[in-house]
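Q: This is the structure I have questions about; it appears just below.
The values are calculated or read from the model by the stated rules, or taken from the named source; none is laboratory data. For clarity, every value in this text was computed on a predicted model and none was experimentally measured. Backbone-built Cβ (ideal geometry, glycine too); neighbour counts: all protein chains shown. Quick note on the areas: whole protein, heavy atoms, side chains included, nothing else; ligands and nucleic acids left out. Shrake-Rupley method; radii C 1.70, N 1.55, O 1.52, S 1.80 Å.
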Amino acid sequence: MSAEVKRSVCPYDCPDACGLLVEVREGKAAKVSGDPDHPFTRGTLCPKMNRYQDTVHSPRRLTRPLFREGAKGAGLFRPGSWDEAGGVIAAEWKKIINRHGAEAILPYSYAGTMGLVQRNAGHPFFHRLGASRLERTICSSAKEAGWKAVMGETAGPPPQEAEESDLIILWGINAAATHIHFLNCVRRAKEKGAKVWLIETYETPTSPAADQLFIVRPGSDGALALGMMHLLVRDDRIDRPFVDAYVQGFEDFKKTVLPDYPPEKVSRLTGLPRETLEAMAKAYGRARAPFIRLGAGLSRYGNGAMTVRSIVCLPALVGAHARRGGGCLASTSSGGAFALKEVLREDFLTGKPRLVNMNQLGEALNRLKNPPVQSLYVYHSNPGAVAPDQSQVLKGLAREDLFTVVHERFMTDTARYADIVLPATSSLEHSDLYRAYGTYCIQRAEALIPPVGESKSNWEVFSLLAEAMGFPEPFFRQSAEDLIDLLVSTPNPLREGIDWDAFRAGRAVELPFPENGKMHFKTPSGKIEIRNPKEPRTLPVYFPPYGGDFPFQLMTSPSLFGLNSSFRERDDLRTKEKAMFLQMNPFDAKEKGLKEGEPVTAFNQLGEATFILKTTPRVPSGVVVAEGVWWLEHCPGRGSVNALTSQRLTDRGNGSTFYDNTVDVRQP
Ligand code: SF4
């Protein structure tokens, strides 16, 4: 039988939302490749998605509802039916609601699939149920808070803008792992003569893309930004007309904050030599159109939002926004292209159920009262692996009185603890609507193949549960396609002028970015707000991250072969990654008597995790690096990297602090 080639979208939590071409043969995805017609990703995929068909048709896929038979966490289940699952879940929840109230039920989801309908399918259901609400801040909420403090709702420039820059700064962004297509923009800018800097805490796989690498102390990026601004002012490299016209609070900032960040002090804070700081400020001030591409990792410290806020002020001082190719891109704002309220349905809420922060799941499961969490419903997320303070999370999941349902494609660390596991569709088996957060592309994707086994999409499961709970609202009886149609047919100014024929044909299309859109500062004052009277600290300052009592700063960086805990079902990717490494400077390894290639245990006040030691001068002394999040079944010891990360939150945005932990390391 001949194959048909159809279009789809990469559904994972990655800024590019790559266009896919899927060869469908006899109802199966035979081959997945990049769509060369995608306006930004242009036919290339990362190593993870190149064999997506191996994930979709993996022999490890869950194909039937499963019911726990053994101890929690043992992974022993018997197969059952959807009818049985719906009946048991509804009966358990009704019992819990009678005894404790609906807030005793906690949903847990994040970004296992990024489509607007499937990702958010649980919101209307849990709002209607009256369940506790989940504060979904595990990824970039501090980064958003830092950006908003200065730029409000201002849209970041399209990534292609960087191609016109003469100085690109990759600031805390491991683009080789997380933004591979942005590196094409970097390459094209370099061909035109641009210089590229990488500011990082160790020499990441992105280093070869940079002309200069600046290694800073973890959590000191904000001090670097303030130090550079001190020097820009000292040397009169400020774009005065721009500042006078478009910036609020510069004079205050100059007089009351910047004098505190002379190069000697900033050198001590960042670890960069004074001459380097001088050279950086001079080059930044002299650049025609410097462009900062900001990562998210640097916002995952106790000072993360303030760090972003300080960095975002830099381009304002030199007027970079006004120049073609200049500015700062933290994230694109394509999310507003669709009326998400039609999916989220906040109007189904009655009252104001409590908010539980997703970074503090361990705390919530073990200590929350009035009412205690009696049921957890997890969908497209794997908190047993990805949530911080893993031992507390697993302790909570092991509670015999916690009724846990997990809707998943694979038997993850979390699914092993479930009372009921429901099989989930992959993105090729359901329809959805996508928007990228690293580009301005949107795309509609239809289901291309039938569900594998008896798997169901998020949308279908919540429809089923709504019926089992007796919800009368017709909203829950519509299909995902109905909702997608509604989102697409609701007019939105951001979509004006798009290529509708291409969009309807399932191609990715770009939202038009207004000419000079970078200069529309959507803040209360209409200016870039270096001074923001609504913030607890009205001006940016530096304060240190949490740190800790152990000698090594732990960097929990992205992997080239996984995305958080996604793709861990793939043996081929794990083989390429070789092992769960802890990277350490050779000097530190020698001091500790640790040997390359041997197991080592990192530990702190929260727990421990065993890794294989990789010694490398790419990691500075005093820092250790663990890339990727491994499933427990593949870990050399009993914990993954999140056994070492804390539930503390960021300064603003209630974000995660995955990068703000210290450890010691010993032989196992
Ligand atoms: S994970 Fe990212 S880079 Fe890889 S295919 Fe998906 S969107 Fe593209």
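Q: For Ala589, state whether it is within 23 Å of Ser391 (Cβ to Cβ) and open to solvent by less than 10 Å² (accessible area, probe 1.4 Å).
A: no
Q: Report, by residue number, each residue of the stretch 628-668 that is acidic (Asp, Glu) and either more than 14 Å from Ala385 (Cα to Cα) or crowded, with 24+ Cβ neighbours inside 10 Å (or both).
A: Across the stretch 628-668, the qualifying residues are Asp651, Asp660, Asp664.
Q: Something else: Could you list, ordered by first residue, the pairs with Cβ atoms under 6 Å in which the first is in the stretch 1-24 and at pLDDT 95 or above and the second is of a type in the set (Asp, Glu) and not in a loop (DSSP other than H, G, I, E, B), at least 6 apart or interchain?
A: Val5/Glu23; Val24/Glu4
Q: Moving on to the next point. With Lys31, Lys95, Lys72 as the choices, which residue is in contact with a helix residue (DSSP H, G or I) (Cβ under 9 Å, 6 or more places away or on another chain), open to solvent by 50 Å² or more (accessible area, probe 1.4 Å) and farther than 30 Å from Pro512 by Cα?
A: Lys31
Q: Let me ask something else about it. How many residues are open to solvent by 10 Å² or more (accessible area, probe 1.4 Å), under 24 Å from the mean Cα position of the chain (by Cα) and over 21 Å from Thr178 (Cα atoms) if we restrict to the stretch 430-458?
A: Residues meeting the conditions: 3.
Q: Exactly one of (1) farther than 23 Å from Pro372 by Cβ; (2) open to solvent by 20 Å² or more (accessible area, probe 1.4 Å); (3) more than 16 Å from the ligand (Cβ to nearest atom) is unmet by Ala121. Its number?
A: (2)
Q: Also: Of all the helices (runs of 4 or more DSSP H) wholly in the stretch 211-283, which have at least 2 residues that are β-branched (Val, Ile, Thr)?
A: 263-270
Q: Restricting attention to the stretch 560-576, which residues are within 14 Å of the ligand (Cβ to nearest atom), over 17 Å from Ala424 (Cβ atoms) and either in a helix (DSSP H, G or I) or open to solvent by 30 Å² or more (accessible area, probe 1.4 Å) (or both)?
A: Leu560, Phe561, Leu573
Q: Does the stretch 546-559 hold any residues that are open to solvent by 30 Å² or more (accessible area, probe 1.4 Å) and over 18 Å from Ala609 (Cβ atoms), and which are they?
A: The answer is Tyr546, and nothing else.
Yes or no, residue by residue, for (1) closer than 30 Å to Val641 by Cα; (2) of a type outside the set (Asp, Glu); (3) modelled with pLDDT under 95; (4) open to solvent by less than 10 Å² (accessible area, probe 1.4 Å):
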{"site": "Ala279", "(1), (2), (3), (4)": "no, yes, no, no"}
{"site": "Arg288", "(1), (2), (3), (4)": "no, yes, no, no"}
{"site": "Val312", "(1), (2), (3), (4)": "no, yes, no, yes"}
{"site": "Gly335", "(1), (2), (3), (4)": "no, yes, yes, no"}
{"site": "Val343", "(1), (2), (3), (4)": "no, yes, no, yes"}
{"site": "Leu349", "(1), (2), (3), (4)": "no, yes, no, no"}
{"site": "Leu361", "(1), (2), (3), (4)": "yes, yes, no, yes"}
{"site": "Gln374", "(1), (2), (3), (4)": "yes, yes, no, no"}
{"site": "Val393", "(1), (2), (3), (4)": "yes, yes, no, yes"}
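Q: Name the single residue that is nearest to Glu278 (Cα to Cα) among those in the stretch 188-235 being within 16 Å of the ligand (Cβ to nearest atom) and surrounded by fewer than 22 Cβ atoms within 10 Å (Cβ to Cβ).
A: Ala209
Q: A further question follows. Answer yes or no as to whether Ser479 is under 15 Å from Gln118 (Cα atoms), modelled with pLDDT of 95 or more and either within 16 Å of the ligand (Cβ to nearest atom) or touching a Leu at 6+ places or on another chain (Cβ under 8 Å) (or both).
A: no
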